[in-house]
Amino acid sequence: MISGYSLKTDETTNQEEQTPVVSNIGHAEFSFSYFPNPSKGTTMATFVAPSSGMASLEVYNLAGQHMTTLFNASVSEGNGYNVEFNTSTWSAGMYFIRFTDGHLTTSGKLTVIK
């Protein structure tokens, strides 16, 4: 079961920081996070693959429209992956980042500011 996201505010920068979702899925421990949030430039998404096979990270706007695919590749169970992307050309607002593999789909909110 996915436990959700825990938000923590960094007192020096006053930015919210998401701590990763951590859950046992099969044999591998799954984690998924992205930072900084809110974002106005380079953002890093990280995940540990819960199983081997194809996985993707996709971005959707609030209307549910697919905006971009950040990652779509074969992964190995238990391996960690970093996906760097730039939000500076995106419109300010809320977006959903969705992680999907053959066994699991989970998503989180990313705020883009200007």
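The values are calculated or read from the model by the stated rules, or taken from the named source; none is laboratory data. Values in this document were obtained by computation on a predicted structure and should not be read as measured data. Cβ atoms come from the backbone with ideal geometry, glycine included; neighbour counts cover every protein chain shown.
Report whether or not Gly108 is surrounded by 11 or more Cβ atoms within 10 Å (Cβ to Cβ), small (Gly, Ala, Ser) and at pLDDT 95 or above.
For Gly108, the condition - surrounded by 11 or more Cβ atoms within 10 Å (Cβ to Cβ), small (Gly, Ala, Ser) and at pLDDT 95 or above - is not met.
Name the single residue that is farthest from Met94 (Cα to Cα) among those in region 39-64 being loosely packed, with under 15 Cβ neighbours inside 10 Å and in contact with an Asp or Glu (Cβ under 8 Å, 6 or more places away or on another chain).
Gly53
Between a residue in region 74-95 that is closer than 17 Å to Leu57 by Cβ and any residue that is of a type in the set (Phe, Trp, Tyr) and surrounded by 16 or more Cβ atoms within 10 Å (Cβ to Cβ), which pairs come within a Cβ distance under 6 Å, given they are 6 or more apart or on different chains?
Pairs that qualify, where the first residue is closer than 17 Å to Leu57 by Cβ and the partner is of a type in the set (Phe, Trp, Tyr) and surrounded by 16 or more Cβ atoms within 10 Å (Cβ to Cβ), are Tyr81/Phe47; Val83/Phe71.
Any residue at all in region 107-114 that's in a loop (DSSP other than H, G, I, E, B), over 15 Å from Pro36 (Cα atoms) and more than 11 Å from the chain's Cα centre (by Cα)?
The answer is no; no qualifying residue exists.
Considering region 87-101 alone, what residues qualify as being surrounded by 11 or more Cβ atoms within 10 Å (Cβ to Cβ) and at negative phi? Can you show your working first?
First, the residues of region 87-101 that are surrounded by 11 or more Cβ atoms within 10 Å (Cβ to Cβ): 87-88, 90, 92-101.
Within region 87-101, Thr87, Ser88, Trp90, Ala92, Met94, Tyr95, Phe96, Ile97, Arg98, Phe99, Thr100, Asp101 qualify.
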